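Since the structure comes first, as structure tokens, the remarks are kept for the end.
The values are calculated or read from the model by the stated rules, or taken from the named source; none is laboratory data. Here the structure is a predicted model, which means the values were calculated and not measured. Ideal geometry is used to build each Cβ from the backbone, glycine not excepted, and the neighbour counts take in all protein chains shown. Each accessible area value is taken on the protein alone, full model and side chains, heavy atoms only, with ligands, DNA and RNA left out. Shrake-Rupley method; radii C 1.70, N 1.55, O 1.52, S 1.80 Å.
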Amino acid sequence: MDKVSKAMTSETIIAKNKLKANFLKKGISIALFSGLMYGFYSAFLTMGMKKGIWADWYGDNRAGLSAIVITYVLAALGSAVNDTCSAIWAVGYATLKGKLGDFFRCLKTKPGAVMILAALIGGPISSTAYVVALQMAGSIVIPITALCPAIGAILGRILFKQKLTKRMLAGIGICVLSSFMIGSTSIGGDAPKGMFLGLCIAFIAALGWGFEGCVAGYGTSMIDSEIGITIRQAISGLSNLLILVPFFGLVFGNGIKFSTDLTIQAFTSGPAMIWFALSGLCAFVSYMSWYNGNSMCGAALGMACNGTYSFWGPFCCWIVLGVMGGMQGWTLPPIVWIGAVIMMFGILIIAMNPMDLFRKKEAA
């Protein structure tokens with residue numbers, strides 16, 4: 001009986017380890033998928049801002065709009081349209097899953113308030129900065145925004161006294177080095193006008209997302225991740241649409257009526273809204289996959305897998321805008337691709353010891 005019991009125990013352990021390994025692999029796949037979807041979100045968003053009424057706004061005569069309105073008001077509006085579409089997808093998904101009631105109940109709780117704060121940081125601030133940077137410098141800014149895990153690790157140390165190991169510091173150093181490699185393309189006479197400023201604004205987006213990651217980590221540890229995503233997307237869309245765009249219209253335009261007119265034109269531009277609907281869907285799927293992947297393979301490894309958008313972003317922009325759209329200027333120099341790959345490795349170093357991947361494989 002003892003031998004039989006030991007054999008059964010051994011088989012149970014093997015089966016458990018196999019199930020755990022499969023669960024981990026599935027989580028990694030989902031987290032990697034989130035990075036791919038973020039790349040397509042960036043590409044579809046940029047495409048939307050080149051179609052319909054947006055083509056007139058960004059055209060040669062600029063539809064009579066000033067340079068500052070085009071740079072900041074339209075960027076905020078593009079972010080608002082995308083986040084609103086993403087919020088509609090998120091609320092629709094929550095309704096389909098029968099969680100809409102939980103969504104409204106969570107808004108009144110402390111974790112819900114934390115998610116609202118995260119959305120306000122990641123939406124009006126980071127998302128708009130990201131769109132401004134994309135319009136100014138192109139897809140080269142995407143690897144710079146991928147610095148957010150490194151920034152999140154540093155902010156976690158400052159704000160929450162989280163430990164920074166030598167390995168994490170090495171990973172941060174690798175990320176900084178790769179960002180310098182990418183940023184070097186904005187220096188010199190061959191660099192397009194506005195690229196350096198675009199990269200600086202992209203860093204603001206990375207800073208905001210790094211802070212958002214610290215804050216949202218607390219909120220999603222206490223509520224359903226799908227509800228957390230719905231709160232994040234809904235608040236981000238509403239705050240962009242109802243606060244930031246009118247504010248920019250008041251400061252840079254001719255008042256709130258000016259921004260309202262632009263908003264109506266944007267939402268009624270059919271050729272552009274097709275692409276915004278796609279970008280909103282990809283943004284929602286990206287966040288949902290990231291959260292689900294984190295719950296299956298751990299936040300550290302999930303963060304590293306999601307960070308692959310530093311590669312997928314420029315790649316998807318090149319495919320969608322350069323190859324499919326036939327637009328010029330979406331090819332990137334080799335140093336950017338090398339820097340993006342190095343940054344992915346740095347993000348992995350921050351998140352975990354890469355040797356753990358081989359140890360888990362051996363343990364399985």
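Results, tabulated for the structure shown:
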| item | result |
| --- | --- |
| Per-region count, segment 249-280, residues within 23 Å of the chain's Cα centre (by Cα) and buried (at least 20 other Cβ atoms within 10 Å of the Cβ) | 7 |
| Residue that is most open to solvent (accessible area, probe 1.4 Å), among those in segment 184-213 that are at pLDDT below 70 and in contact with a Phe, Trp or Tyr (Cβ under 8 Å, 6 or more places away or on another chain) | ILE187 |
| Hits in segment 283-303 (condition: at pLDDT 75 or above and hydroxyl-bearing (Ser, Thr, Tyr)) | SER286, TYR287, SER289 |
| Inter-residue pairs, beta-carbon under 7 Å, first farther than 12 Å from MET344 by Cα and in segment 306-320, second of a type outside the set (Gly, Ala, Ser) and modelled with pLDDT of 85 or more, 6+ apart | GLY313/TYR38; CYS316/PHE40; CYS317/THR46; VAL320/PHE44; VAL320/MET47 |
| Segment 153-165: number of residues that are modelled with pLDDT of 70 or more and assigned to a helix (DSSP H, G or I) | 3 |
| Tabulated pairs, segment 44-73, first closer than 11 Å to ALA272 by Cβ and free of Cβ contacts under 8 Å to residues at least 12 places away in the same chain, second surrounded by fewer than 19 Cβ atoms within 10 Å (Cβ to Cβ) and of a type outside the set (D, E, K, R), C-beta under 7 angstrom, 6+ apart or interchain | ASP56/ALA63 |
| In segment 313-345, the residues that are at pLDDT 80 or above and buried (at least 24 other Cβ atoms within 10 Å of the Cβ) | GLY313, PRO314, CYS316, CYS317, GLY339 |
| Single residue of segment 50-67 satisfying the filter (outside any helix (DSSP H, G or I) and at pLDDT 90 or above) that is surrounded by the most Cβ atoms within 10 Å (Cβ to Cβ) | GLY52 |
| GLY270 being touching a residue at least 12 places away in the same chain (Cβ under 8 Å) and under 15 Å from PRO124 (Cβ atoms) | no |
| Answer residue from segment 68-123, given it is out of contact with any helix residue (DSSP H, G or I) (no Cβ under 7 Å at 6 or more places or on another chain) and of a type in the set (Phe, Trp, Tyr) and is most open to solvent (accessible area, probe 1.4 Å) among those | PHE104 |
